[in-house]
1. What pairs can you find where one residue is in the stretch 109-129 and closer than 16 Å to ILE99 by Cβ and part of a loop (DSSP other than H, G, I, E, B), the other is open to solvent by 50 Å² or more (accessible area, probe 1.4 Å) and basic (Lys, Arg), and their Cβ atoms are less than 6 Å apart, with a gap of 6+ or different chains?
2. Output yes when any residue across the stretch 163-173 is within 21 Å of VAL221 (Cα to Cα) and open to solvent by 40 Å² or more (accessible area, probe 1.4 Å), and no when none is.
3. Which of (1) in contact with a helix residue (DSSP H, G or I) (Cβ under 7 Å, 6 or more places away or on another chain); (2) under 26 Å from ASP161 (Cα atoms); (3) part of a helix (DSSP H, G or I) is the odd one out, the single condition ALA275 does not satisfy?
4. Identify all residues within the stretch 200-232 that are under 14 Å from the mean Cα position of the chain (by Cα), open to solvent by less than 40 Å² (accessible area, probe 1.4 Å) and not hydroxyl-bearing (Ser, Thr, Tyr); write none if there are none.
5. Look through the stretch 149-162, keep the residues that are closer than 23 Å to VAL282 by Cβ and open to solvent by 10 Å² or more (accessible area, probe 1.4 Å), and return whichever of them is farthest from the chain's Cα centre (by Cα).
6. What's the number of the condition THR228 fails, among (1) in contact with a helix residue (DSSP H, G or I) (Cβ under 9 Å, 6 or more places away or on another chain); (2) over 22 Å from PRO100 (Cβ atoms); (3) in contact (Cβ under 8 Å) with a residue 24 or more places away in the chain?
Amino acid sequence: MANSSRSGAVRKLKKGPSVGTGGHGRKALEGKGPTPKASERTYHKAFKNKELAERSAAKHGDSPRGGATGRPRSGPKGRATEELVTGRNSVVEALRAGIPAKVLYVAVRVDMDERVRESIKLAAERGIPLLEAQKPELDRLTEDAIHQGLVLQIPPYEYEDAVDMASEVMAKWKKGHIANAPLIVALDGITDTRNLGAIIRSVSAFSGHAVVIPERRSAGVTAAAWKTSAGAAVRVPVAKAPNLNRAIGAFQKMGYFVLGLDGDGDVSLPDLGLAKDPICIVVGSEGKGLSRLVRENCDQIVSIPINSAMESLNASMAVGISLYEVSKQRATQG
């Protein structure tokens, strides 16, 4: 009978809460609120990455952002932000070329070799801050790119406005502040950053004043362009035009003659008679050449005589040859 009574008591207790509990378990049911963000949890990778960003910001007033080597990420409204050069060869070559940099990240206990030593030495000589980081932090920062313990952060290039730049160059020439007539090069559909860098280098070599690129569908001044320019990007400004055809129209109103480079030209380059005047040379891509509207808006289409077996020249080579001819004619014309 005792067993039967105890069993019944147990069954009775299971039907509801015990009398007199007073809701002591209510707090346990309330929970602890929403789960904290990953960047707020001290044991999470994101927290360490956040600390790394804050340390960088404390040194140079910004946070490290970017992508893999030579590929800038996009910020608000698609604006380019910092890019990251990763890997020992790429980093040391970028520093040798004088590419502007904000910080050099070096992995903790990195395996020191000649490239690492030279990178640290060059950065120190240029006053570029050095920041040590754990390998997982660098993996996260570079989105798992192969960095080999070295990452160089490059600030975004500050482009001038194409029309304002052309107007400023023209005004300086008219006031006698620059000796040669304005000479700028505009790119129509050039998407290879190495071509852009080589063109910047040629413009610098032949006393040109600026390079103009369209807002869209064009190569930008990235680490690869800086490297190919061999430092000339420091001396030659690159300006952007929201609409290249409108910019060309504005240049013409200022007094520039706009010359398009194309194989089927109105005049051969050696016969160019406008070398002494303010000039904007427009070059298209190697495959497509000048776009239809740009071609129609040019004052003259100039062709470079080449062997008939060769269909076209590389864009940067065509610009270099044209600038050389302009420079030669200006020298002989006084």
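1. Hits for this filter: PRO129/LYS59.
2. Yes, some residue in the stretch 163-173 is within 21 Å of VAL221 (Cα to Cα) and open to solvent by 40 Å² or more (accessible area, probe 1.4 Å).
3. (3)
4. Result: ILE213, ALA219, GLY220, VAL221, ALA223, ALA224, ALA225, TRP226.
5. Checked the stretch 149-162; the qualifying residue farthest from the chain's Cα centre (by Cα) is ASP161.
6. Failing condition for THR228: (2).
For every residue, the table says whether it meets (1) under 20 Å from ALA210 (Cα atoms); (2) among the acidic types (Asp, Glu); (3) open to solvent by less than 40 Å² (accessible area, probe 1.4 Å).
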| position | (1), (2), (3) |
| --- | --- |
| ARG246 | yes, no, no |
| GLY249 | yes, no, yes |
| GLY260 | yes, no, yes |
| LEU272 | no, no, yes |
| LYS276 | yes, no, no |
| SER285 | yes, no, yes |
| LEU290 | yes, no, yes |
| PRO305 | no, no, no |
| SER316 | yes, no, yes |
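Residues checked against (1) of a type in the set (Asp, Glu); (2) modelled with pLDDT under 90; (3) exposed (fewer than 14 other Cβ atoms within 10 Å of the Cβ):
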position: GLU82; (1), (2), (3): yes, yes, no
position: THR86; (1), (2), (3): no, yes, no
position: SER90; (1), (2), (3): no, yes, no
position: ARG96; (1), (2), (3): no, yes, no
position: PRO100; (1), (2), (3): no, yes, no
position: TYR105; (1), (2), (3): no, no, no
position: ASP111; (1), (2), (3): yes, yes, yes
position: VAL116; (1), (2), (3): no, no, no
position: SER119; (1), (2), (3): no, no, no
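The values are calculated or read from the model by the stated rules, or taken from the named source; none is laboratory data. In this text, all values refer to a predicted model and were calculated from it rather than measured experimentally. Glycine also receives a Cβ, built like all others from the backbone with ideal geometry; neighbour counts cover every protein chain displayed. Side chains included, ligands, DNA and RNA excluded: accessible areas come from the protein's heavy atoms. Shrake-Rupley method; radii C 1.70, N 1.55, O 1.52, S 1.80 Å.
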